1. Could you check the range 67-83 and list, in sequence order, the residues that are in contact (Cβ under 8 Å) with a residue 60 or more places away in the chain and of a type in the set (Asp, Glu)?
2. Looking at the structure I just gave you, is Pro27 touching a helix residue (DSSP H, G or I) at 6+ places or on another chain (Cβ under 6 Å), closer than 23 Å to Ile94 by Cα and not aliphatic (A, V, I, L, M)?
3. Any residue at all in the range 42-49 that is in contact with a strand residue (DSSP E or B) (Cβ under 9 Å, 6 or more places away or on another chain) and farther than 17 Å from Arg19 by Cβ?
4. Being closer than 22 Å to Asp62 by Cα and of a type in the set (D, E, K, R) is the filter; apply it to the range 75-102 and report the residue that is most open to solvent (accessible area, probe 1.4 Å).
5. Could you identify the single residue in Val21, Val8 that is within 20 Å of Glu72 (Cβ to Cβ) and not polar (S, T, N, Q)?
6. Checking the condition outside any helix (DSSP H, G or I) and either modelled with pLDDT under 95 or closer than 13 Å to Pro6 by Cα (or both), which residue from Gly93, Gly79 passes?
7. Which of the residues spanning the range 5-22 are among the hydrophobic types (A, V, I, L, M, F, W, C) and either within 8 Å of the chain's Cα centre (by Cα) or open to solvent by 50 Å² or more (accessible area, probe 1.4 Å) (or both)?
8. So which of Ala65, Ala26, Ala58 is more than 12 Å from the chain's Cα centre (by Cα) and open to solvent by less than 20 Å² (accessible area, probe 1.4 Å)?
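The values are calculated or read from the model by the stated rules, or taken from the named source; none is laboratory data. Since this is a predicted model, take the numbers as computed values, not measurements. Note that each Cβ is placed from the backbone with ideal geometry, even for glycine, and that neighbours are counted across all protein chains shown. Each accessible area value is taken on the protein alone, full model and side chains, heavy atoms only, with ligands, DNA and RNA left out. Shrake-Rupley method; radii C 1.70, N 1.55, O 1.52, S 1.80 Å.
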Amino acid sequence: MTRTLPDVSFARIASEDGRHVFFWAAPAAGLDELLAVWNRMDGMLAERFTFGEPAIVAAAQDWLADKLQEHEKATVMIGSIERGKWVDWNLRGIPRPAVPTS
C-alpha cells in the first residue's frame, strides 16, 4: 500500500510571556482548527509558522502520514522551546534549527 504524504502546515503556540513555545505540524486543511483550539485557551497565542528547512518539512510530512494511518485527525509536536532554548525536538535524524526569534 502506498502512503500519501499530506500537505503540512506548522503552528507556533506560545504562552503570553513567551517563555514556553511549542511547534506543531498538522495537515494543511486542519491547521485553522488547531489554531482555533489553542487560541481559545487563556494565556496562549497560536499562529501559523514556517520552517524553511526542506528536511524539517519532509520529516514532518512523513511522521504525520504515519499518524494519519492510525487516526482520522492527527497533529504532531515538532518540538518546544523554554526560555529561549530548545528543550524538546522530535524529528529524529534532523538537526534542531536555530531558535526562531519570533
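1. Passing the criteria: only Glu82.
2. Numbers: touching a helix residue (DSSP H, G or I) at 6+ places or on another chain (Cβ under 6 Å): no; closer than 23 Å to Ile94 by Cα: yes; not aliphatic (A, V, I, L, M): yes.
For Pro27, the condition - touching a helix residue (DSSP H, G or I) at 6+ places or on another chain (Cβ under 6 Å), closer than 23 Å to Ile94 by Cα and not aliphatic (A, V, I, L, M) - is not met.
3. Residues of the range 42-49 in contact with a strand residue (DSSP E or B) (Cβ under 9 Å, 6 or more places away or on another chain): 43-49.
Checking which are farther than 17 Å from Arg19 by Cβ leaves us with 48-49.
Within the range 42-49 (the criterion being in contact with a strand residue (DSSP E or B) (Cβ under 9 Å, 6 or more places away or on another chain) and farther than 17 Å from Arg19 by Cβ), the answer is yes, since at least one residue qualifies.
4. Among them, the one singled out is Arg92.
5. Details: Val21 fails: within 20 Å of Glu72 (Cβ to Cβ).
Answer to the check: Val8.
6. Working: Gly79 fails: either modelled with pLDDT under 95 or closer than 13 Å to Pro6 by Cα (or both).
Step by step, each of Gly93, Gly79 is checked, and only Gly93 is outside any helix (DSSP H, G or I) and either modelled with pLDDT under 95 or closer than 13 Å to Pro6 by Cα (or both).
7. Here is the first cut: in the range 5-22, the ones among the hydrophobic types (A, V, I, L, M, F, W, C) are 5, 8, 10-11, 13-14, 21-22.
If the condition is that a residue be among the hydrophobic types (A, V, I, L, M, F, W, C) and either within 8 Å of the chain's Cα centre (by Cα) or open to solvent by 50 Å² or more (accessible area, probe 1.4 Å) (or both), then Leu5, Phe10, Ala11, Phe22 are the ones that fit.
8. Working: Ala26 fails: more than 12 Å from the chain's Cα centre (by Cα); Ala58 fails: open to solvent by less than 20 Å² (accessible area, probe 1.4 Å).
The conditions single out Ala65.
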